[in-house]
Amino acid sequence: MEVLRTVLTVVFILISIGLTVIVLMQEGKSAGLGTISGAADTYWGKNKGRSKEGMLVKLTRVLVILFLVIAAVLNIGSF
């Protein structure tokens, strides 16, 4: 049982580092003056899910869910 806890802790740390890196790689949500001139209606603006930014958002969601699940499992084991 202690080996499983150690493995989960290592995975938890790796997810934490990965989550930090992915969040820092994302662009800010402020569009600035680009929305005034209509630059937000480009191909990448309409298909955000297929772009690099959309992929980062999806990956962030998956890592957050894994982070919360592993945190709960590690916390339950400490009782």
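The values are calculated or read from the model by the stated rules, or taken from the named source; none is laboratory data. Source: prediction; values computed, not measured. Note: ideal-geometry Cβ built from the backbone for every residue, glycine included; neighbour counts use all protein chains shown. In case anyone asks, the SASA skips ligands and DNA or RNA and just uses the protein heavy atoms, side chains included. Shrake-Rupley method; radii C 1.70, N 1.55, O 1.52, S 1.80 Å.
When residues in segment 1-45 are screened for being within 26 Å of L63 (Cβ to Cβ), modelled with pLDDT under 60 and part of a helix (DSSP H, G or I), 2 of them pass.
Within segment 62-79, residues that are closer than 11 Å to F12 by Cβ reach partners that are of a type outside the set (S, T, N, Q) and open to solvent by 80 Å² or more (accessible area, probe 1.4 Å) with beta carbons closer than 8 Å, at six or more positions or on different chains, in the pairs L74/R5. Among the residues of segment 1-21, those identified as touching a Gly at 6+ places or on another chain (Cβ under 9 Å) and either surrounded by 11 or more Cβ atoms within 10 Å (Cβ to Cβ) or not aliphatic (A, V, I, L, M) (or both) are R5, L8.
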